[in-house]
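One structure is given here, and the rest of the page talks about it.
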Amino acid sequence: MFSSLSSPNYRLYFWGQLVSVSGTWMQTVAQSFLVLQLTDSGTDLGLATAARFVPIFLFGPWGGLVADRLDKRRVLYVTQSLSGVLALVFGVLVGTHAIQMWMVYLLAVALGFVNVFDNPARQSLIPELVSRPLVRNAVTLNSVTVNMARIFGAALGGGIASLVGLALCFDINAASFAAVVVSLALMSADQMQRSDREPRAPGQIRAGLRYVRTEPELLVPLLMISIIGALAWEFPISLPLVARSVFHGGAGTYGAMTAVMGAGAVVGGLIAASRKRARRRGLAIAAIGWGAAITAAAFAPTMPLEYAALVFVGYGSISFNSLAKTALQLSAAPAMRGWVMSLWAVAWLGSTPVGGPIVGWMGEEFGARWSLIVGGIPTIAVGILAYPVLARIDRRRSGGSAETAAEVQAEAVMPAGAVAPGAGTF
């Protein structure tokens with residue numbers, strides 16, 4: 001269950017992420033209720049959340065190229081420091097009561113540009129911190145880290161926002177990025193499992209898209225992630241609306257809902273981490289179960305039943321997300337991991353500019369429960385449609401090596417004289 005923590009470098013990464021992401025969840029809680037305080041609009045909440053992910057939607061693949069071409073630790077030194085500065089600016093503006101909605105949008109877009117490079121660098125750094133047999137465990141434990149942080153960060157953020165004020169949540173998040181910077185500085189370069197960086201050459205983006213398009217092990221999960229990420233993974237929009245409109249609560253209620261969901265995700269992540277292997281069809285099963293849990297949460301009549309449903313929502317979220325990321329990490333050729341994970345970021349996070357306003361509008365126009373229904377039902381449908389395709393992939397791959405197949409496929413789609421897209425120029 002915790003085998004990847006035997007790596008000193010990954011251990012540092014794990015604890016640094018736990019502290020930093022806890023701060024990020026504090027800011028997420030505070031920002032959602034800041035927007036509702038300023039506008040009292042679910043649509044504006046959706047737009048403000050979407051603004052952070054517009055740069056990823058537009059420029060995500062370029063971030064993957066940078067992650068594959070440069071030293072990932074150096075990229076993260078820059079991106080994590082900039083994220084801390086932006087959080088501090090947010091805190092100062094909120095604390096001095098100078099904040100306006102246009103500032104929220106501007107800071108969200110600025111953070112989005114930082115995440116264009118930060119997300120693929122963080123995701124593709126993991127295989128460099130552990131040996132290949134430990135990659136799946138490390139990826140899953142990383143998801144556990146995010147959800148442990150959700151428990152601490154969201155609950156603490158909701159409490160601080162209710163008792164002290166929103167500004168302190170942003171200030172604490174700004175300080176939390178120092179944990180990642182310190183963990184990166186303490187890592188041993190000699191123990192890194194580095195992949196070779198290729199020389200620059202034109203044509204990487206077209207070659208990379210062709211590579212993904214012709215490899216079902218990558219294309220099918222990415223299509224699933226795009227739809228589900230756009231409509232289901234919008235909890236910073238749906239849960240505040242449900243907390244306020246259905247259960248007549250505030251930031252503390254939202255923080256508690258998020259923490260309960262995180263607790264379910266931690267349990268699910270630990271169970272997933274203990275498994276030695278996972279079939280690709282499991283991704284479809286996880287989608288069906290997760291969609292059913294989201295739908296149940298949408299119809300929960302009381303707060304205790306809502307909390308119970310959210311435990312399973314959290315369990316389903318980490319099951320789906322860890323299976324998807326693991327499938328992409330292990331199916332991609334090593335030189336293309338940063339590129340592939342940038343496409344994951346575009347599909348999972350960059351789809352929010354499309355789905356976020358839809359979810360916010362649905363919650364505002366038809367009732368807060370619809371902000372969950374619009375994610376739950378499509379997630380079930382995607383799982384049902386993807387199951388036979390993923391089952392065929394399992395049967396086809398059962399007699400061969402997925403790693404070898406991915407590397408051969410990568411070479412096959414490269415144009416003459418070109419190199420893997422992860423190493424190339426813009």
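Go through the range 85-109 residue by residue and tally those that are surrounded by fewer than 18 Cβ atoms within 10 Å (Cβ to Cβ) and under 16 Å from A48 (Cα atoms).
Count: 6.
Could you tell me whether any residue of the range 73-84 is open to solvent by 20 Å² or more (accessible area, probe 1.4 Å), within 15 Å of F53 (Cβ to Cβ) and more than 18 Å from the chain's Cα centre (by Cα)?
So far as the range 73-84 goes, no, none of its residues is open to solvent by 20 Å² or more (accessible area, probe 1.4 Å), within 15 Å of F53 (Cβ to Cβ) and more than 18 Å from the chain's Cα centre (by Cα).
So, of the residues in the range 95-121 that are aromatic (F, W, Y) and in contact with a helix residue (DSSP H, G or I) (Cβ under 9 Å, 6 or more places away or on another chain), which turns out to be farthest from G84 (Cα to Cα)?
Only one residue tops the list, namely Y105.
Would you check which residues across the range 127-183 are farther than 20 Å from L88 by Cβ, in contact (Cβ under 8 Å) with a residue 40 or more places away in the chain and open to solvent by 20 Å² or more (accessible area, probe 1.4 Å) and list them?
S131, R132, L134, R136, V146, M148, I151, F152, A155, G159, S162, listed by residue number.
What is the residue count in the range 385-395 for residues that are touching a helix residue (DSSP H, G or I) at 6+ places or on another chain (Cβ under 9 Å) and at pLDDT below 85?
Number satisfying all stated conditions: 2.
Among the residues of the range 29-45, which ones are over 16 Å from Q100 (Cα atoms) and surrounded by 24 or more Cβ atoms within 10 Å (Cβ to Cβ)?
Matches in the range 29-45: V29, G42.
Starting from the range 73-89, take each residue that is touching a residue at least 12 places away in the same chain (Cβ under 8 Å) and farther than 16 Å from I126 by Cβ and list its partners that are open to solvent by 40 Å² or more (accessible area, probe 1.4 Å) and among the small types (G, A, S), counting only C-beta distances under 8 angstrom and pairs at least six apart or across chains.
As it stands, the answer is G84/A175; G84/A178, since those pairs meet every condition given.
Would the range 121-143 turn up any residue that is within 15 Å of Q31 (Cβ to Cβ) and not β-branched (V, I, T)? Can you show your working first?
Step one: filter the range 121-143 for residues within 15 Å of Q31 (Cβ to Cβ), giving none.
No - not one qualifying residue is present in the range 121-143.
Tell me, which helices (runs of 4 or more DSSP H) lie completely within the range 298-401 with 2 or more residues that are without any contact (Cβ under 8 Å) to a residue 12 or more places away in the chain and open to solvent by 10 Å² or more (accessible area, probe 1.4 Å)?
303-331, 352-366, 370-397
Tally time: how many residues in the range 356-394 are over 20 Å from the mean Cα position of the chain (by Cα) and closer than 18 Å to S41 by Cβ?
The total comes to 10.
So is A263 open to solvent by 30 Å² or more (accessible area, probe 1.4 Å), closer than 22 Å to T140 by Cβ and under 19 Å from the mean Cα position of the chain (by Cα) or not?
On the way: open to solvent by 30 Å² or more (accessible area, probe 1.4 Å): yes; closer than 22 Å to T140 by Cβ: yes; under 19 Å from the mean Cα position of the chain (by Cα): yes.
The answer is yes for A263.
I'm checking my understanding of the structure. Among residues of the range 27-71 that are in contact (Cβ under 8 Å) with a residue 60 or more places away in the chain and among the charged types (D, E, K, R), which one is nearest to G367 (Cα to Cα)?
Ranking the qualifying residues of the range 27-71, first place goes to D44.
The values are calculated or read from the model by the stated rules, or taken from the named source; none is laboratory data. Computed from a predicted model, the values in this text were never measured in an experiment. FYI the Cβ positions are ideal-geometry reconstructions off the backbone, even for glycines, and counts take in every protein chain you see. In case anyone asks, the SASA skips ligands and DNA or RNA and just uses the protein heavy atoms, side chains included. Shrake-Rupley method; radii C 1.70, N 1.55, O 1.52, S 1.80 Å.
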